[in-house]
There are 2 protein chains.
Amino acid sequence: MATCDAVLQSLAKLSLSPRTVSHESVSDNKAWAAALASTKDAVFEMTKTLILKPKTAKTAAATPVVVIALESTETPVPALGKKLSLKDCRFANEELLQTTFGVNKDQVSPFALSNVADLSLVHLVVDSAILALPATTLLAFHPSAADKTVFVTVDQLKAYFKSISKDFVEIDFKAIATAAPAAAAASGSKPAAKPAPKKKAAAEIEASADEVHQMGIEAKKEVDFPKWYQQVLTKSEMLEYYDVSGCYILRPLAYNVWKEITNFFDAAITEMGVEDTYFPMFVSNRVLQREKDHIEGFAPEVAWVTKAGSADLEEPIAIRPTSETVMYPYFSKWIRSYRDLPFRINQWCSVVRWEFKNPQPFLRTREFLWQEGHTAHLTLEGADKEVREILDLYEQVYTDLLAVPVVKGVKSEKERFAGGYYTTTVEGFIPTTGRAIQGGTSHCLGQNFSKMFNIVIEDPSAPANATEEAKKLHVWQNSWGLSTRTIGVMVMIHSDDKGLVLPPRVALIQTVVVPCGLNVKTTKEESDDIYDRCQAVAARLKKTGLKSKADLRENYSPGFKFNHWEIRGVPLRLELGPMDIKKNQVTAVRRDTGAKFAIPLDNLEKGVRDALDTIQNDMFQKAKAKMDSSIVRINKWEDFVRTLNDKKLCLIPWCDRIACEDDIKERSARVATEGEEEDDRAPSMGAKSLCKPFVQPTENPIVPGVTKCIACDHDAKHFMLFGRSY
Amino acid sequence: MATCDAVLQSLAKLSLSPRTVSHESVSDNKAWAAALASTKDAVFEMTKTLILKPKTAKTAAATPVVVIALESTETPVPALGKKLSLKDCRFANEELLQTTFGVNKDQVSPFALSNVADLSLVHLVVDSAILALPATTLLAFHPSAADKTVFVTVDQLKAYFKSISKDFVEIDFKAIATAAPAAAAASGSKPAAKPAPKKKAAAEIEASADEVHQMGIEAKKEVDFPKWYQQVLTKSEMLEYYDVSGCYILRPLAYNVWKEITNFFDAAITEMGVEDTYFPMFVSNRVLQREKDHIEGFAPEVAWVTKAGSADLEEPIAIRPTSETVMYPYFSKWIRSYRDLPFRINQWCSVVRWEFKNPQPFLRTREFLWQEGHTAHLTLEGADKEVREILDLYEQVYTDLLAVPVVKGVKSEKERFAGGYYTTTVEGFIPTTGRAIQGGTSHCLGQNFSKMFNIVIEDPSAPANATEEAKKLHVWQNSWGLSTRTIGVMVMIHSDDKGLVLPPRVALIQTVVVPCGLNVKTTKEESDDIYDRCQAVAARLKKTGLKSKADLRENYSPGFKFNHWEIRGVPLRLELGPMDIKKNQVTAVRRDTGAKFAIPLDNLEKGVRDALDTIQNDMFQKAKAKMDSSIVRINKWEDFVRTLNDKKLCLIPWCDRIACEDDIKERSARVATEGEEEDDRAPSMGAKSLCKPFVQPTENPIVPGVTKCIACDHDAKHFMLFGRSY
């Protein structure tokens, strides 16, 4: 049997000593990628090994096909079968794996070939994309079990085949996939898709149920939320995984959400008098270290540039994790008088925080986009006012653009920004996991940084005979930031088992027009007429500023197109067929509810605009109702953990003490396993304080000296929102 | 005498062994910063040492003041004198420096104190900003000559004072500067400014000629262009120097230019069907290396992240210098069929190229902002068409927004983008230096990258019976980029000895309204009335979308305000005084020409808008006329270098051979010093080919086989533009 050791031994005979790593046992390739990504930054290509079985006479020996391909390569089984002239290729069953290859499905790797008695019966296929890689590229394989990974180079893989005297066939999967455009890709452990349907006489092909299934989201939101989230992001083409761990590609669908947020927020702060700037992404170590409390919060995650070209830098230079220490030395230079106040700048940029915890798209990434505002004020009152104005804008980004409800409030001392005076927050809520998420923070920094960076002016209200020292006034500062995390929150809340659901205000395409009702009897003229009308509808909408598109692709069925745009979250689909033409209407279908209704063509623009407004509003109201019903006022500790486990947040009378907060966290962890990673699959971490909501309950309020903290029985100061959180 | 060696010896006695570096002899602090910046990445604070002489009785001994301050600290001499109760402080003359300190003005440093016979006569002043630094911060001093720099820590400096038994006085210059807001800063070797004028009874102070001079640009554009450029950028508050060499802060005035460019260009490419994305800034080494020709062009300048927190990364990760190799592996995944073409994405981001040549704001920086478009097409024709469309948009950015003329054309083989097929360019021209500058490039990459990254589709026009290989079609690709370099070109062309001149379309403030004509006899009511009217004028303009501001600061004279806004490049100033009110008008003054004219208040909005349009147009026409007259058609080699020396560009019949281009460069270098840095101060480098202009001369055109290349006498193929360039 090709155990891991045996594999390594056989490779050692070839003078190969590949690196092997152990990790959690993984059940699919995404989990595998995550397991490898979280441990190391090694550069390698993920692979998959498929074992297929073509149909053979019952009495004949099986002639299995072993396919070794890049994980990213789509491997359409029917097309491959056709290409190899093998009949009715399907995934091999467990029995064949065991009897012929001596492995179970978690142990499938190229090295299982060592166990095959008669290799002449086996077809060995290698993805041309692997062979196109440089010879020294590392490939990752499971050598023998789901909890181990071995890295061998392309050359070593070839040497292995040579050592077992097995020739392979090179297959260009992209070419064979292109030959069958609607053919579905076979993924790791799924049954093979049916062969691609033949082109019909009419310009229409019905997508099979299988195809639609393969295109779609394979995980259910309520069952496997992490997998569902990954699939919604990638299959909607919002996001692509990237070969540097913790970094992701924002594709147009996602970037457009960020653009809409940028446009809204930048216009609002410009109106307030904030000016946009751009500071360098690099910070010298000396400057970074200047504010100790602050840097302690960030130091473990700072990325350092130490080389340029082939030369070592004299001193390492940091990439900004945030820009307080980058900017404030210059505030000290620029702010000379009370006339310079308020001094307000903002920048749109990316920052880097080299997290070592499991990365998660949008929520925890090593590089992310954000805006950071930094301002200085003459008085605390001036700073306070701005902190709230900005927080209100963050709330509007969530409620008005992303249709996401939030709770505004103040963070506890424990959760406050490192080096700041107080922190306000908008807290979001993901019902499926019952976890809260910090949506954006607006900090008052007080005078801590201005003292550290000597940002002073002469106090305009100081008496004329005061000493120089007495006249010196340290400015009051704020900083506030909102990041692309917003996008992740939006996706988690609204999307469903069919894929992405986008609020109309941030959708790259708001309506898509699909020609329908064509069949084999449709004449060319009729078909052309419908296509022209679809084009005209899209053009009319576009003219009034609605983001519209007509999907006029031929060779795709309406069903295929519906699915294509549903998974991508287009808020409103317009169908146009012969019956609609007869009635002078389009048939509209809402993405969020599936509701179907007619819009008269005479009222097209207004009808569509109203429908989009309704969708935007309904999406918000639905999420709001869910959040409201998930915030539970708790009056005794016994109900606290039960409510968390019920995927809800707890609003409690609280004493406002750090010791109590630590205690609550510890006592509310469902399974307090030492050192365990807190993630979606085990939402068992202790509850954190989320915020002291600005809006405190008026019914049955805190009575000073009477109402007690439900956790420790000290006097309660106010109501505090607690929950498990991201 | 405190020679460098003597200084080091005396420090060695204190067990100090500071690092000393030698460099070019420098005459001012900017040059000093540049000399230090270009050699090392050491982190240190620049300092200045001033020696002042208060007025004493003629017969009494001089009691000089030695001031040691951060270079960035403004050190107002009159305010300092007042603070120390010393009469009429001025900069010491050479005689005092020689007789008392034993140094000339290039040798002034704290260590000159070692040469003073009677230290009790000397006042020693240390900037509190130095004392606020961490004790181990390195300070840079000229120990004994302009071509050496010694680095000592704050602690070592204090130890030195102790070793010579000299106490010092700590002065907070910012506090004393704030006490006298309009007081001018004393800079290194300038005469002291007059004491700040006393506050007058009326709310107005006349700025003295001296103050205005100190606020203004000290270098003439035609005399010392590099210094002029630096001062225009910093004194206009467009840009601030930063403590990481080669990086600069873009302040709102500069960033707004970039925003206007972004808005214009992004709207145009969106209309074309290009979609915005964001790819990570990090690239793995493996991916970066994949295209060899391409990476060779960038490798020496790539910055590498090797550490995160305190942990070494397993493999260094590069910061993108450009994103071809970042993006194209994903193109290969995303582009599956001819239906996916054209595939067009763009991103707005910053890239890093760790240049080791002298950095120059906007023109050569280690981090810069840009957009990079990357597209794939079915045919070369499709790619060609887009290359030109994008180049036309780049031209419009220059001509329509920045009022800068450019020449469009194709780069020579030598100057083509690394790994590309052909490169088109918009070339700008800086008349003051006679140098051309590449303004933006639109590359056709051909199929080179698509072959390297396996970006293929099935050829839709291939015959059905063709082999898989024959059906495979590599896509045709383009990439195109425009950076913040645009801003530098704009500043160099339009600005003048008074400071920045901004084209109205990219100005953060287009008009400023200044109350005028107030004097000691003006009543409070009259004054309030004028201020209100100024405010109203600004509000009216703002309402129609014109970026306007009323400068209602009290305690500043109109002259001071004129100067303030002139240096910042505001295109149109509106003056409003009692005479204007009587005539129901504002008096408008153009920044570009200084021309003065009245605009009736009844016609305010249109009048201002027309004036701004005229300014925009005139600025372009003026620059265009200058460029046109600086492109000289050359018919014999003898005229070539003479024309370059005359600060012009040469349009020549050319053979289009690399060998000839190399030869031209060599033969046209005025002073061909081996290894010499090519920079503004020595515009003696050889000429490069700039482009083959799309518009070729029609008069006396190339006659194939007859017209010869003027450099080598081979047959000329076409006209080529040559010039010295940035």
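Any read-out appearing in this document is the output of simple, stated calculations on the displayed coordinates, not a laboratory observation. Everything numeric here is computed off the predicted structure, so don't read it as measured data. Backbone-built Cβ (ideal geometry, glycine too); neighbour counts: all protein chains shown.
Ordered by the count of other Cβ atoms within 10 Å of each Cβ, fewest first, B:Met490, B:Met46, B:Met272 give B:Met272, B:Met46, B:Met490. Compared with the dominant Cα axis of chain B, that is its longest principal axis, helix B:29-39 is turned about 50°.
In segment A:504-623, if the dipole is taken from +1 on Lys/Arg beta carbons and -1 on Asp/Glu beta carbons about the Cα centre, which of A:Gln616, A:Asn519, A:Leu572 is farthest to the positive end? Toward the positive end, the furthest listed residue is A:Gln616.
Inter-part distance, segment B:246-268 to segment A:293-319, computed on C-alpha centroids, equals 27 Å.
Across segment B:653-661, coupling constants 3J(HN,Hα) worked out from phi with the 6.51/-1.76/1.60 Karplus curve, θ = phi - 60°, read x, 9, 8, 6, 10, 4, 4, 5, 4 Hz, and Gly and Pro carry x. Projecting 7 Å from Cα along the Cα-to-Cβ direction, the label point of A:Lys636 sits 11.0 nm from its equivalents in the other copies, listed shortest first. With label points built 7 Å along Cα→Cβ from the Cα atoms of A:Arg388 and B:Leu119, find their separation and express it in nm. About 5.8 nm, to one decimal.
With the simple model of a label 7 Å out from the Cα in the direction of the Cβ, B:Lys606 to A:Ala466 spans 5.4 nm.
How about segment A:245-341: which trypsin sites (Lys or Arg not before Pro) there are in a DSSP loop, with at most 16 other Cβ atoms within 10 Å of their Cβ? Sites meeting the loop and neighbour criteria: A:Arg336.
Where a Cα-Cα gap under 16 Å defines reach, which lysines qualify for B:Lys549, not counting those fewer than 8 residues away within the same chain? Once the sequence-local lysines are set aside, what remains near B:Lys549 is B:Lys561.
Sorted largest first, the principal axis extents computed over the alpha-carbon atoms of chain A equal 106, 75, 58 Å. Put in order of Cβ neighbour count within 10 Å, fewest first, the listed residues B:Arg667, A:Arg533, A:Arg591 become B:Arg667, A:Arg533, A:Arg591. Relative to the longest principal axis of the Cα atoms of chain B, the long axis of helix B:524-543 lies at roughly 10 degrees.
To the nearest ten degrees, helix A:252-272 and the longest principal axis of the Cα atoms of chain A are 10 degrees apart. Since only A:Ala31, A:Gly705, A:Leu50 are under comparison, the one whose Cα sits farthest along the positive direction of the charge dipole of chain A, derived from C-beta charges on Lys, Arg, Asp and Glu, is A:Leu50. Residue by residue, segment A:109-121 carries 3J(HN,Hα) couplings of 7, x, 6, 5, 4, 4, 8, 7, 5, 10, 5, 5, 7 Hz when phi is fed to the Karplus relation 6.51 cos²θ - 1.76 cosθ + 1.60 (θ = phi - 60°); x denotes Gly or Pro.
For the pair B:Asn645 and B:Thr698, the difference between a 0.36 nm per residue extended length and the Cα-Cα distance amounts to 16.4 nm.
Distance from the alpha carbon centroid of segment B:77-129 to that of segment A:498-545 works out to 81 angstrom.
Think of each Lys and Arg Cβ as +1 and each Asp and Glu Cβ as -1; about the Cα centre, that makes the dipole of segment B:40-133 roughly 440 debye.
Each of A:Val506, B:Cys650, B:Leu121 was scored by the projection of its Cα onto the charge dipole of the protein assembly as shown, and the greatest displacement toward the positive side belongs to A:Val506; charges sit on the C-beta of Lys, Arg, Asp and Glu. When both bridge partners sit in segment B:538-683, DSSP labels roughly 75% of those beta bridges antiparallel.
As a proxy for reagent exposure, ranking B:Thr441, B:Thr99, B:Thr137 by other Cβ atoms within 10 Å from fewest up yields B:Thr99, B:Thr137, B:Thr441. Remark: relative contact order (chain B) = 10 percent; criterion is Cα-Cα distance under 8 angstrom and separation of 6 or more residues. Relative to the Cα centre, the charge distribution of segment A:504-623, modelled as +1 at Lys and Arg Cβ and -1 at Asp and Glu Cβ, gives a dipole magnitude of about 320 debye. For the protein assembly as shown, the pair-distance distribution built from all alpha carbon pairs, in bins 10 Å wide starting at 0, is 1, 7, 13, 18, 19, 17, 13, 7, 3, 1, 0, 0, 0 percent.
In percent, rounded to a whole number, the relative contact order of segment A:325-424 is 19, using alpha-carbon pairs under 8 Å and six or more apart. For the set A:Lys472/B:Lys524; A:Lys259/A:Lys357; B:Lys543/B:Lys606, the pairs lying more than 24 angstrom apart at their alpha carbons are A:Lys472/B:Lys524; A:Lys259/A:Lys357. Based on Cα atoms of segment B:504-623, Rg over Rh with Rh as the Kirkwood radius reads 0.96. Amide H contacts of B:Gln585: B:Leu601, each under 5 Å away and 5 or more positions distant or on a separate chain (H built 1.01 Å from N in the peptide plane; Pro and chain starts excluded).
Here the label points at A:Asp715 and B:Lys414, each 7 Å from Cα along the C-beta direction, are separated by 8.4 nm in the simple model.
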